[in-house]
1. Stretch F106-R53 to full length: gain in nm at 0.36 nm per residue minus the Cα-Cα span?
2. Who wins for biggest fluctuation among G157, G68, G179 in a Gaussian network model of the chain, springs between alpha carbons below 10 Å?
3. What percent antiparallel are the DSSP beta bridges of the chain, to the nearest 5?
4. Choose one of P142, G157, P123: the residue whose Cα lies farthest towards the positive end of the charge dipole of the chain (beta-carbon charges +1 Lys, Arg; -1 Asp, Glu; about the Cα centre).
5. Check cross-link reach from K59 to the lysines: straight Cα distance under 27 Å, and skip same-chain residues fewer than eight apart.
6. Could you name the lysines in cross-link range of K86, using Cα to Cα under 25 Å and dropping any fewer than eight places away on the same chain?
7. Taking the radius of gyration and the Kirkwood hydrodynamic radius from Cα positions alone, what is the Rg/Rh ratio for the chain, to two decimal places?
8. Can you tell me the equivalent ellipsoid semi-axes for the range 2-65? Use √(5λ) from the Cα gyration tensor, largest first, whole Å.
Amino acid sequence: MKLVRYGEPGRERPGLWLTDRGAPEILDVRGTAFDIADYDAHFFTHWGIERLRGLLLEKNQKRFPAAGVRLGPPIATPTNLICVGKNYADHATEFDSKIPAEPVLFAKSPSALIGAEDPIHIPPTFSEVDAEAELAIVIGAPSRNLSEANALEHIAGYTLINDVTERRAQREAGQWFRGKSFDTFAPIGPYLVTPDEIPNPQNLHIRSRVNGTLLQDGNTRNMLFPLARILAYSSSTLTLQPGDIIATGTPSGVGFARTPPVLLRAGDTIEIEIESIGSLKNPVR
């Protein structure tokens, strides 16, 4: 299944993205099951995914054409938005040539989340805005001290996230949070794809393009720390909450590491894509 949230910013409704009748449609989840208010912690801990599978079997579904409908972040604002730095050896090399021995975790503000096709805004007085294509995982149950053997069972779904970064702010602050947490610096979506549709998340092609020109071209099999390791390591420190997002790192080819650098400018369009999940395209303002 592909879960979406649609509507005006801050007033999104939960839906399902369907293509079984040809042109894409959205199933109005709240209009069919009135007690499903949103894709939030309550949803994930009260058999929400199973409820959605039941809705697909009902005859009286409330559907409408998806064309022209804004898609927001596919889950409600999470408690935690955790990122993994330097999780591909080639990107670690282009960043500072230091290969980490353990996952490098940092936080990004959930307030930076925006939806598919929403604009990324370059902050005033800043000019070194870069993009990072990443596979994101969404937690489906309270998770503490997971083992690598069962960690993937706690994933509710997969999506795309663009870890937009202002490199000067990142560099000058001596830490990464500020440079990565400006408003609009976390485009995510357009769908949350359930695990049954992604049989091997450790073998997914991941790419980014600026104005149609390919920048990043990698594969999740090249992660230094695979998803199970990331989950086990993260949950040894804190309890991951249902709906939390973990951005799992970016492959090489980011703009600042190129000669000359390819940094985002007003009027650009940045697109990231991951096979079996979809593509996320955002204009720059």
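1. Going from the current span to full extension adds 15.6 nm.
2. In the Gaussian network model the winner is G68.
3. 90
4. The residue sitting most towards the positive pole is P123.
5. Of all the lysines, those that pass the test against K59 - Cα under 27 Å, at least 8 places apart if same chain - are K2.
6. Correct list for K86: K98, K108, K180, K281.
7. With Rg and the Kirkwood Rh in hand, the quotient comes to 0.96.
8. Its equivalent ellipsoid spans semi-axes of 18, 15, 10 Å.
All of the numbers you see were taken from the coordinates with simple rules; none came from a lab. Remember, it's a predicted structure, so these values are computed and weren't measured experimentally. Counting neighbours? That spans all protein chains shown, and the Cβs are built from the backbone with ideal geometry, glycine included.
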